[in-house]
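Undergrad: Just passing along the structure, written as structure tokens.
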Amino acid sequence: MKKNNLLIKLLTLLIIIAAVLPVFYMPAYAVEEEYGTQDISDHGISEQGENITSSESETSYVEEGNNVFDIVPKGYTLKAVQTRSVEFIIQYPPGQPTGNVTYELKKEINNREIVVKRGTLNKSQKKITFKDLELNTPYKFYLTKVPNGYGKPDGSVAEFYFDNDGIHFTKGESGIALTMTTAYVHFIVQNTSGLPVGGVVRYALNKVKGNQETQIKAGTADRATGKIILEKLEWNTPYKLYLRTVPKEYERPNDSVAEFYFDSEGIHFIKGSTAVVLKKNNEQNNNGQDAPLEEGQYYGFTGEDSRIKISKEYNIATGTDAFCFGANKDFPNFGNKAVYNELSTSAETLFQLAENPRKKNPKELYDSVRKVIYYCEMHKKELLTDHQLGSDAFWFGSNDKEKGYYKALQEAIWYYSDSIDGLKSYSSGSVGYHIMKKAVKHIIQESEKVSDEDMECVKLKMYNSSMLGDHNSPLQPLIAFEIINKTDIKVQKVNKSGESLEGAAFRLEKLGDASFTPVEMGNESAISDFTFKCLDAGEYRLTEIKAPSNYIPLEEPILFTIIEESSGVFKIKLNTENSKVTLEEGTLTIKVANEKTVTTEITVDKKWFRADGTEFHPQDGEISYNLIQVLTTEGGESSEKIYKSGETLTSQDGWQKTYSNLPEADINGNGEKGICTYYVKEILIADYSTSYSNGSVGESEDPSAAALSSGTITVKNTEKMKFILPETGGTGRGILYIAGVFLLGISMFLLGNKNSSFYECLHKKG
């Protein structure tokens, strides 16, 4: 017994140890159960102070800095705790010289700033690390000295604090970009095909003051790329660029090829652009530019601002912004051009271009991309300022101050086209990563709230190329867009007195635009006001396909033009002269009046007759029939339609019904006017024959023979003849059938029985 007790105690102890032991090995993070959280960030990679969420797999490893956390259970979230260090990266414009940077870190106590660390970065250093910082203490980071030629930031470049969740920036971020106080510009000398000319090109740069020019720089363009790099140029100073020597097979321009100046907004060209195009001797094609491509063909290339462009002419300084729709394919590199074919604009086309679309339904993908574009374009200022996409972290070394915005929109498009949850263009340690990541997440979330009507204002264009990229792989498909200012127009259906009428239907078409889907309204419900939404400028045709009951529809369509007088301000011009169609003054409303039809009256009269020809009047039951309209045009073509279906007559109606306000004339499906006649067709009644008459023609079994424009249609039902009916309560012929069968059976028995006297009698003779 004692032995058993000992075993029980030992087993209990082991269970307690097994339960408690994991506590001593619990890693330094908190595990929280997560419900329904959607995170578009890179799974498993933490931003500073952000939650780290496990991926769809059962477990995942999570890295942060030099720490490797344990396996994260599926459905749980990690939170880093007590991180007290931060690293800042000083970034210069590419290709520019660096220098010493001095800095100060201050902490704020009781509204006072106390310096806790000073230091200097030499030319070879770019990183500053602060360790062992206090929790829940505000810090400010300052640059007190920057290299010559760079602007020293006013005030702090970053403000932050730590708590148990990690670091929180209240200003700036860990990447600090320095900007130059002088300007620079890159020119590219190219031939009409967009390629470097391949020979010696010497240039001179003159500074202009009043009517005098002073040469301040001369040099030779790079033979491989055709680049001319001009640096340390002054603001608000006019410059002129000349080509002094060009290869002998090219024409040398006699005048300046570019004139420009800089201010706080960037570069401004008075003449030319950053693309300098040389024409070969005696070359005549489009003023030195590429000859026009075939219809539907465009050049796709990377412009000087590093944005993808689509254009009929190859010029790296111009073209329409385009976006890649295949993140893992090659893109057309700077200085190279590819021929792209414009594709049909449809949801199915866009879906086919996507290799791994997030939305598996073509329309849903199409709509999501348009919503992203619409949201970004309508909130560009907010994204550039409040969400810091205008930060020099994205455009330093460039004059494109909206570069961050362009990149964010591209990342949001890749989110849908390629199902990319993180960032394609930025690594987690790069300057601007955290800003970009949060901005893209914001764009995705907010774009889902864009209405369908607003989304329709985005017109997509799609392009694909059969050429191969630098890595001998397919080029990315491209999309471009246009935000079309749109408006709504209202159509009011009224009678001659201006009172609202319900029951009409209209079809709206846009002339000369195959991409416009005709819109029909009024077929589903009886309405008097029709609002056609999100229409852009252009010519339209409005057709009344159905008029209210007992009203004459318009014989001719309404032609009108929507004119955009200024940005977002529209008016309507009627191109159809019709007294029944008017514009409501000061609005975008078209009033359409209908006249009442000239009506007629048809009476259906039911007659009952017995087989012997005597008339009778049933006191119960009912009959069913359809009232059919026959429309005969002036050309003699007839068409029929059921005007009223499933009509009934009973003895309570006196077996008679009158239809008033039937149109005497109507219009067929081809818009042809005609005269109306009517007839009825009865649903078959068992044991009765049916005939029709209208007073002018005799009885006929053909219901259409009794058609008339007005008057009475008589429907005659005659009881069919019946034969040898049994007396009420009698046995009829049934008893005779029974007797006959009985006698037949006896006869067969007697005939077949050889022992019977009847059989012997029949065969005695034999």
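Undergrad: Looking at Ile562, Ile590, which is the one that is assigned by TED's automatic domain parsing to the domain that holds Asn495 and over 30 Å from Gln652 (Cα atoms)?
TA: On inspection, the qualifying residue turns out to be Ile562.
Undergrad: Could you tell me whether Ala408 is outside the structural domain of Tyr261 (by TED's automatic domain parsing), at negative phi, outside any helix (DSSP H, G or I) and among the hydrophobic types (A, V, I, L, M, F, W, C)?
TA: no
Undergrad: Taking the residues in the stretch 331-349 that are surrounded by 20 or more Cβ atoms within 10 Å (Cβ to Cβ) and modelled with pLDDT of 80 or more as candidates, determine which candidate is nearest to the chain's Cα centre (by Cα).
TA: Looking at the filtered set, the residue picked out is Tyr340.
Undergrad: Quickly run through the stretch 109-145 and pick out the residues that are over 18 Å from Ser174 (Cβ atoms), touching a residue at least 40 places away in the same chain (Cβ under 8 Å) and β-branched (Val, Ile, Thr).
TA: Thr144 - this is the single residue of the stretch 109-145 that is over 18 Å from Ser174 (Cβ atoms), touching a residue at least 40 places away in the same chain (Cβ under 8 Å) and β-branched (Val, Ile, Thr).
Let's see how each residue does on (1) without any contact (Cβ under 8 Å) to a residue 40 or more places away in the chain; (2) in contact with a Phe, Trp or Tyr (Cβ under 7 Å, 6 or more places away or on another chain); (3) among the hydroxyl-bearing types (Ser, Thr, Tyr):
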| position | (1), (2), (3) |
| --- | --- |
| Ile489 | no, yes, no |
| Lys496 | no, no, no |
| Ser500 | yes, no, yes |
| Pro518 | yes, no, no |
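Undergrad: Same structure, new question: Just checking, which of Ser430, Ser419 is farther than 27 Å from Ser466 by Cα and in the same structural domain as Met455 (by TED's automatic domain parsing)?
TA: Ser430
Rundown of residues vs (1) closer than 30 Å to Tyr692 by Cα; (2) outside the structural domain of Asn670 (by TED's automatic domain parsing); (3) touching a Gly at 6+ places or on another chain (Cβ under 7 Å), yes/no style:
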{"position": "Ser566", "(1), (2), (3)": "no, yes, no"}
{"position": "Val569", "(1), (2), (3)": "no, yes, no"}
{"position": "Leu583", "(1), (2), (3)": "no, yes, no"}
{"position": "Val604", "(1), (2), (3)": "yes, no, no"}
{"position": "Gln619", "(1), (2), (3)": "yes, no, no"}
{"position": "Ser624", "(1), (2), (3)": "yes, no, yes"}
{"position": "Ile628", "(1), (2), (3)": "yes, no, no"}
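Undergrad: Quick check on the stretch 437-452. Is at least one of its residues within 30 Å of Ile563 (Cβ to Cβ), among the hydrophobic types (A, V, I, L, M, F, W, C) and assigned to a helix (DSSP H, G or I)?
TA: So far as the stretch 437-452 goes, no, none of its residues is within 30 Å of Ile563 (Cβ to Cβ), among the hydrophobic types (A, V, I, L, M, F, W, C) and assigned to a helix (DSSP H, G or I).
Undergrad: To continue, here is another question. Let me confirm something: among Lys145, Lys117, Lys123, which residue is closer than 30 Å to Thr182 by Cα, out of contact with any Pro (no Cβ under 9 Å at 6 or more places or on another chain) and either surrounded by 15 or more Cβ atoms within 10 Å (Cβ to Cβ) or not assigned by TED's automatic domain parsing to the domain that holds Gln388 (or both)?
TA: Lys145
To keep it simple, each residue is scored yes or no on (1) in contact with a His (Cβ under 9 Å, 6 or more places away or on another chain); (2) under 23 Å from Gly99 (Cα atoms).
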{"site": "Gly172", "(1), (2)": "no, yes"}
{"site": "Asn191", "(1), (2)": "no, no"}
{"site": "Ala218", "(1), (2)": "no, no"}
{"site": "Leu230", "(1), (2)": "yes, yes"}
{"site": "Asp255", "(1), (2)": "no, no"}
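Undergrad: On the basis of being farther than 16 Å from Leu365 by Cα, of a type in the set (Ser, Thr, Tyr) and not assigned by TED's automatic domain parsing to the domain that holds Ser346, does Ser497 make the cut?
TA: yes
Undergrad: For Ile128, state whether it is modelled with pLDDT under 95, touching a Ser or Thr at 6+ places or on another chain (Cβ under 8 Å), aliphatic (A, V, I, L, M) and surrounded by 15 or more Cβ atoms within 10 Å (Cβ to Cβ).
TA: No.
Undergrad: Return the total of residues in the stretch 378-437 being closer than 20 Å to Gly303 by Cα, acidic (Asp, Glu) and within 19 Å of the chain's Cα centre (by Cα).
TA: Here the count works out to 1.
Undergrad: Given the options Phe481, Phe516, Phe532, name the one that is assigned to a loop (DSSP other than H, G, I, E, B) and of a type in the set (Phe, Trp, Tyr).
TA: So the residue among Phe481, Phe516, Phe532 that is assigned to a loop (DSSP other than H, G, I, E, B) and of a type in the set (Phe, Trp, Tyr) is Phe516.
Undergrad: For Asp392, only one of the following conditions fails: (1) touching a Ser or Thr at 6+ places or on another chain (Cβ under 6 Å); (2) farther than 30 Å from Thr179 by Cα. What is its number?
TA: Only one criterion is unmet by Asp392, namely (2).
Undergrad: Moving on to the next point. Those residues that are without any contact (Cβ under 8 Å) to a residue 40 or more places away in the chain and either touching a strand residue (DSSP E or B) at 6+ places or on another chain (Cβ under 7 Å) or part of a helix (DSSP H, G or I) (or both), I need them from the stretch 350-377; list them, please.
TA: Within the stretch 350-377, Phe351, Gln352, Pro362, Lys363, Glu364 meet the criteria.
Undergrad: Check whether at least one residue in the stretch 618-639 is β-branched (Val, Ile, Thr) and loosely packed, with under 13 Cβ neighbours inside 10 Å, and report yes or no.
TA: no
Undergrad: Just to verify a result, which residue in the stretch 228-256, among those that are of a type in the set (D, E, K, R) and farther than 22 Å from Thr179 by Cβ, is surrounded by the most Cβ atoms within 10 Å (Cβ to Cβ)?
TA: So the residue we want is Lys240.
Undergrad: Which residues, taken from the stretch 127-173, are closer than 18 Å to Val116 by Cα and of a type in the set (Gly, Ala, Ser)?
TA: Result: Gly155, Ser156, Ala158.
Undergrad: Can I ask one more? May I ask you to list the residues in the stretch 438-463 that are within 27 Å of Ile310 (Cα to Cα) and among the charged types (D, E, K, R)?
TA: Once the filter is applied, which keeps residues that are within 27 Å of Ile310 (Cα to Cα) and among the charged types (D, E, K, R), the stretch 438-463 yields Asp454, Glu456, Lys459, Lys461.
Table: residues versus (1) modelled with pLDDT under 95; (2) in the same structural domain as Gly621 (by TED's automatic domain parsing).
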{"residue": "Ser660", "(1), (2)": "yes, yes"}
{"residue": "Gly674", "(1), (2)": "yes, yes"}
{"residue": "Tyr692", "(1), (2)": "no, yes"}
{"residue": "Glu699", "(1), (2)": "yes, yes"}
{"residue": "Thr714", "(1), (2)": "no, yes"}
{"residue": "Ala739", "(1), (2)": "yes, no"}
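Undergrad: Right, next: When you scan the stretch 555-611 for strands (runs of 3 or more DSSP E) that lie fully inside it, which ones turn up with 1 or more residues that are without any contact (Cβ under 8 Å) to a residue 60 or more places away in the chain?
TA: By residue number, 558-566, 569-574, 581-584.
Let's see how each residue does on (1) hydroxyl-bearing (Ser, Thr, Tyr); (2) at pLDDT 80 or above; (3) more than 30 Å from Val369 (Cβ to Cβ):
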position	(1), (2), (3)
Phe269	no, yes, yes
Thr274	yes, yes, yes
Lys309	no, yes, no
Ile316	no, no, no
Lys329	no, yes, no
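Undergrad: When you go through Phe169, Phe160 one by one, which is the residue that is over 27 Å from Pro332 (Cβ atoms), outside the structural domain of Gln388 (by TED's automatic domain parsing) and touching a helix residue (DSSP H, G or I) at 6+ places or on another chain (Cβ under 9 Å)?
TA: When all the criteria are applied, what remains is Phe169.
Undergrad: Shifting gears a bit: Within 30 Å of Ile435 (Cα to Cα), within 44 Å of the chain's Cα centre (by Cα), surrounded by fewer than 20 Cβ atoms within 10 Å (Cβ to Cβ) and of a type in the set (Ser, Thr, Tyr) - does that describe any residue in the stretch 206-226?
TA: Checked against the condition, which is being within 30 Å of Ile435 (Cα to Cα), within 44 Å of the chain's Cα centre (by Cα), surrounded by fewer than 20 Cβ atoms within 10 Å (Cβ to Cβ) and of a type in the set (Ser, Thr, Tyr), the stretch 206-226 yields no hits at all.
Undergrad: I've got another one for you. Residues that are within 29 Å of Lys312 (Cβ to Cβ) and touching a residue at least 24 places away in the same chain (Cβ under 8 Å): which strands (runs of 3 or more DSSP E) entirely in the stretch 162-250 hold 2 or more of them?
TA: Where strands (runs of 3 or more DSSP E) fall fully within the stretch 162-250 and carry at least 2 residues being within 29 Å of Lys312 (Cβ to Cβ) and touching a residue at least 24 places away in the same chain (Cβ under 8 Å), they are 183-190, 227-233, 239-245.
The values are calculated or read from the model by the stated rules, or taken from the named source; none is laboratory data. If you're wondering where the values come from, they're calculated on a predicted model, not measured in any experiment. Please note: Cβ atoms are built from the backbone with ideal geometry, for glycine as well, and neighbour counts cover all protein chains shown.
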